[in-house]
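Notes follow once the structure below has been shown.
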Amino acid sequence: MTARFRLAALYTLLVLAAGVVLTGLTYFLMSRNLGRRLSLDVVGTSADPGYAAMARQRLWTIAGRLEAATYSEFLNQALISLAVVTGLAAALGWFVAGRVLRPIRTISATARRLSAENLSERVPVTTPADELAVLARTINGMLDRIQTGLAERDRALDSQRMFTANAAHELRTPLATMRTAIDVTLDDRPGTSELLAMTRDVSAAVDQSRRILDGLLTLAGAQSGRIIGRDVDLADIVTGVLAGVAGEARDLAVRRVLRPARMTGDPVLLERMVGNLIDNAVHYNHAGGRVEVVTGVEGGRPFARVSNTGPLLTQGQVERWREPFVRGEGVRTRGDAGLGLGLSIVYGIAAAHDGSVSTTARPAGGLDVTVRFPFPGRR
């Protein structure tokens, strides 16, 4: 017994019960009122009182038979009408039940088409805003939460896979350096100088491994979407980062235009993002070069812009730096070689804050990077 059959049967039984009650009530009122309205008058010239009584008795008999025939005919016609109305009610109930249950069939068909790989389809919300519309909105909200959860799971898994692959690939070099230094030193009877040299090599390799892991963990955290939203000012973050690199940038002309740029974000990740931008601007530069840092609000959106002088770059080179461990060949002019995680971390942190990054190779050399974030409180 389907829901449509049960609804149609219930509707038919209700109509039948209402018809039976209406017929019984009509019969009761007829039987109560018909006798009150019946009167007989005998008109004649006979002076015999017995004749008048007999005539009156016959007339009452005829009236009784007429009343019984009226009741019988009423019941016959009422039963025929009730049968016709019940049949029409059954057909109409079947049709109405189908129309009422059509949104539920649509919901069921949509649910059957959904799968873990296809959660984009939604149940149509009917009008007016009745119980079925509320059910459709509830199911759509549940699907939104499931899709969001699966997307976060996929991001976390992708981040873990990327972290594992990159760590396994990049840690080979420092591990090989340490193994080589130890094997070469211990191949013979090493003296103090050889042991100290080995210690320095191992220490440098350990520091490189630590920097690689720190960068990978930051990148993985940004790509996983786990953001601790707080009210921060990009100008304050830039001020702190510039104070930390003042010694390295002492032979550079640093121009800062730090207007308030309040936003909602993770202060630790934002500090790492700004630090990477300024570190790149300082180290991919030349002696006597220039670094410019600007913060503020443009079109209602907070932003941070870092530009620097330096070697000539092509836009293709800049685009390739978005990928982890892609280093600029022969362009890092100050300090040791980088890890190749700078811009990839910047892109990852900006994406985690629903922001955007634009990078432009300057015609005179150097790079211009602008990070824009959503309106405060819009994430």
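The values are calculated or read from the model by the stated rules, or taken from the named source; none is laboratory data. This one's a predicted model, so the numbers in the text were calculated from it and none came from an experiment. All Cβ positions, even for glycine, are placed from backbone atoms using ideal geometry, and neighbour counts span all protein chains on display. Side chains are part of the model used for accessible areas, which takes the heavy atoms of the whole protein and leaves out ligands, DNA and RNA. Shrake-Rupley method; radii C 1.70, N 1.55, O 1.52, S 1.80 Å.
Rounded, prolate or oblate: which fits the stretch 100-144, taking a ≥ b ≥ c as square roots of the Cα gyration tensor eigenvalues, rounded meaning a/c under 1.5, else prolate when a/b beats b/c?
On the way: a/c = 2.87, a/b = 1.62, b/c = 1.77.
Oblate, because a/c is 1.5 or more while a/b does not exceed b/c.
By how many nm would the segment from ARG290 to ARG32 grow when fully extended, if each residue of separation counts as 0.36 nm and the alpha-carbon distance is taken off? Before the final figure, lay out the partial values.
Working: separation 258, 0.36 × 258 = 92.88 nm, distance 11.11 nm.
Once the chain is fully extended between ARG290 and ARG32, it gains 81.8 nm.
Could I have the simple spin-label model distance between ALA351 and LEU196, label points 7 Å from Cα toward Cβ, reported in nm to one decimal?
Inter-label distance under the simple model: 4.8 nm.
Using the beta-carbon distance between VAL85 and ALA151 and R0 = 56 Å, what value does 1/(1 + (r/R0)^6) give for FRET efficiency, to the nearest 0.05?
Details: r = 56 Å, r/R0 = 1.01.
Between VAL85 and ALA151 the formula returns 0.50.
Does the stretch 235-275 come out rounded, prolate or oblate, given a ≥ b ≥ c as the square roots of the eigenvalues of its C-alpha gyration tensor, rounded meaning a/c under 1.5 and, failing that, prolate meaning a/b above b/c?
Details: a/c = 3.42, a/b = 1.66, b/c = 2.07.
Oblate shape, in that a/c is at least 1.5 and b/c is the bigger or equal ratio.
Can you work out the FRET efficiency for the pair ARG113 and ASP251, with r the C-beta to C-beta distance and R0 = 45 Å, to the nearest 0.05?
The calculated FRET efficiency here is 0.10.
Compare the peptides 273-281, 87-95, 291-299 by average per-residue count of other Cβ atoms within 10 angstrom and give them in order, highest first.
Going by the mean number of other Cβ atoms within 10 Å, highest first, we get 273-281, 291-299, 87-95.
LEU258's amide H: which non-local residues (gap 5+, or another chain) put their own amide H closer than 5 Å, with H modeled 1.01 Å from N in plane and none for Pro or chain starts?
Those lying under 5 Å, H to H, from LEU258 are THR295.
Can you figure out the FRET efficiency of ALA69 with ALA9, using R₀ = 25 Å and their beta-carbon distance, to the nearest 0.05? Show your work: numbers first, answer last.
Details: r = 36 Å, r/R0 = 1.45.
That gives a FRET efficiency of 0.10.
GLU121: accessible area at probe 1.4 Å, nearest 10 Å²?
So the heavy atoms of GLU121 present about 60 Å² to solvent.
What spacing in nm lies between the two simple spin-label points modelled at ASP236 and ASP214, each 7 Å away from Cα in the Cβ direction?
It works out to 2.3 nm between the two label points.
By how many nm would the segment from SER120 to MET1 grow when fully extended, if each residue of separation counts as 0.36 nm and the alpha-carbon distance is taken off? Walk me through the intermediate numbers first.
Details: separation 119, 0.36 × 119 = 42.84 nm, distance 3.33 nm.
This chain segment gains 39.5 nm when fully extended.
Shape verdict for the stretch 254-300, please, from the Cα gyration tensor: rounded (a/c under 1.5), prolate (a/b greater than b/c) or oblate. Could you put the intermediate results ahead of the total?
Details: a/c = 3.47, a/b = 1.53, b/c = 2.27.
Oblate is the answer for the stretch 254-300, as a/c is 1.5 or above yet b/c matches or exceeds a/b.
Using the Cβ atoms and a cut-off under 15 Å, what net charge is assigned to the surroundings of LEU7, where Lys and Arg are +1 and Asp and Glu are -1? Show your work: numbers first, answer last.
Numbers: positive: ARG4, ARG6, ARG99, ARG102, ARG105; negative: GLU131.
With Lys, Arg at +1 and Asp, Glu at -1, the net is +4.
Pop a pseudo-label 7 angstrom from the Cα along the beta-carbon direction at both ASP188 and ARG137 and give the gap in nm to one decimal.
About 8.3 nm separates the two model spin labels.
Stretch ASP144-ARG102 to full length: gain in nm at 0.36 nm per residue minus the Cα-Cα span?
On the way: separation 42, 0.36 × 42 = 15.12 nm, distance 2.31 nm.
Fully extending the segment from ASP144 to ARG102 adds 12.8 nm.
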